[in-house]
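This report concerns only the one structure given below.
The values are calculated or read from the model by the stated rules, or taken from the named source; none is laboratory data. Fair warning: this is a prediction, and the values are worked out from it, not measured in the lab. Note that we place each Cβ from the backbone using ideal geometry, even for glycine, and neighbour counts take in every protein chain shown.
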Amino acid sequence: MKIPLIAAIGLTFQAAAVDDLYKFKVDTTWTYKRLENGVEKKVTARVAAVEEGRVRLEWKTFDKEGTREETSAVTWSVVEGILTAEARTKREGEEDQVLTFGLLKAGSKKDDTWTTPLGNWTHLGTVEVAVPAGTWKDAVRSRLKIGDDTKIEFTLVPKVGLVKIEIQNDAGENSFALTEFKEPKK
């Protein structure tokens, strides 16, 4: 009887840890500096809705002059034990583009690996991360490897969310770094 209770408590703590990485209140906002092939862009994200364990964000990309280039709907949730983001981008005259990726397996530890349809993942452990919005010692980092030439590292902080993305491939290096995080006024 004690073993199932201990297991249930352990699963609760694991779920809570993953929940701290993506569950935020409506109107929570993030602003990122994005560098893509040396070109700087601004990305903003705002929680638009929270429904049944799913957090939907409005994700907007602007050029350096402030002109909006694209808008995406990004939904965060836990699917089959993996923290998953689904990005749906609309561009005029084109079909919606949908990209789904599982960033972190609940309960995983440093050097654990898992596979998703997009590629192979590795939990890189807890690290200290510094971005323009601040420095955190408890950041969790994971790496997605797609084929032989693309690596994407995601860095998330409990109670803050996604703070950094680093992309390396044949086209060069691209990155996102959090410049501002705001929780909604109560």
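Scanning the stretch 74-87 for residues that are among the hydrophobic types (A, V, I, L, M, F, W, C) and either surrounded by fewer than 18 Cβ atoms within 10 Å (Cβ to Cβ) or closer than 14 Å to TYR32 by Cα (or both) turns up VAL79, ALA87.
Taking the conditions (1) at pLDDT 85 or above; (2) surrounded by 12 or more Cβ atoms within 10 Å (Cβ to Cβ) in turn, LYS90 satisfies each one other than (1). The combined condition, being closer than 18 Å to ARG56 by Cα, of a type outside the set (A, V, I, L, M), in contact with a strand residue (DSSP E or B) (Cβ under 6 Å, 6 or more places away or on another chain) and surrounded by 12 or more Cβ atoms within 10 Å (Cβ to Cβ), is fulfilled by THR71. As a summary of the residue check, GLU69 satisfies the conditions (1) in a strand (DSSP E or B); (2) under 17 Å from the mean Cα position of the chain (by Cα) except for the one numbered (2).
Where in the stretch 140-186 are there strands (runs of 3 or more DSSP E), lying fully within it, with 2 or more residues that are free of Cβ contacts under 8 Å to residues at least 24 places away in the same chain?
By residue number, 150-157, 161-169.
Only one of the listed residues (ASP148, ASP111) is modelled with pLDDT under 95 and either charged (D, E, K, R) or in contact with a Lys or Arg (Cβ under 7 Å, 6 or more places away or on another chain) (or both). That residue is ASP148. Taking every residue in the stretch 24-41 that is at negative phi and pairing it with any residue that is modelled with pLDDT under 95 and among the small types (Gly, Ala, Ser), at least 6 positions away or on another chain, the pairs with Cβ-Cβ distances below 6 Å are LEU35/SER175.
Among the residues of the stretch 139-168 satisfying the criterion of being over 21 Å from VAL39 (Cβ atoms) and basic (Lys, Arg), which is surrounded by the fewest Cβ atoms within 10 Å (Cβ to Cβ)? So, considering only residues that are over 21 Å from VAL39 (Cβ atoms) and basic (Lys, Arg), the one surrounded by the fewest Cβ atoms within 10 Å (Cβ to Cβ) is LYS159. Can you tell me which residue in the stretch 41-61 is nearest to VAL78 (Cα to Cα), limited to those that are in a strand (DSSP E or B) and acidic (Asp, Glu)? It comes out as GLU51.
In the stretch 169-186, which residues are farther than 23 Å from VAL47 by Cα and crowded, with 16+ Cβ neighbours inside 10 Å? Of everything in the stretch 169-186, just one residue is farther than 23 Å from VAL47 by Cα and crowded, with 16+ Cβ neighbours inside 10 Å, namely ASN174.
Consider LEU124 carefully, then state whether it is without any contact (Cβ under 8 Å) to a residue 60 or more places away in the chain, aliphatic (A, V, I, L, M), in contact with a strand residue (DSSP E or B) (Cβ under 8 Å, 6 or more places away or on another chain) and surrounded by 13 or more Cβ atoms within 10 Å (Cβ to Cβ). So LEU124 passes the test.
Quick grid of which residues meet (1) among the aliphatic types (A, V, I, L, M); (2) over 23 Å from THR61 (Cβ atoms):
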{"position": "LEU83", "(1), (2)": "yes, no"}
{"position": "GLU95", "(1), (2)": "no, no"}
{"position": "GLY102", "(1), (2)": "no, no"}
{"position": "THR122", "(1), (2)": "no, yes"}
{"position": "ALA130", "(1), (2)": "yes, yes"}
{"position": "PRO158", "(1), (2)": "no, yes"}
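Checked against (1) outside any loop (DSSP other than H, G, I, E, B); (2) surrounded by 18 or more Cβ atoms within 10 Å (Cβ to Cβ); (3) hydroxyl-bearing (Ser, Thr, Tyr), THR135 meets all criteria but (2).
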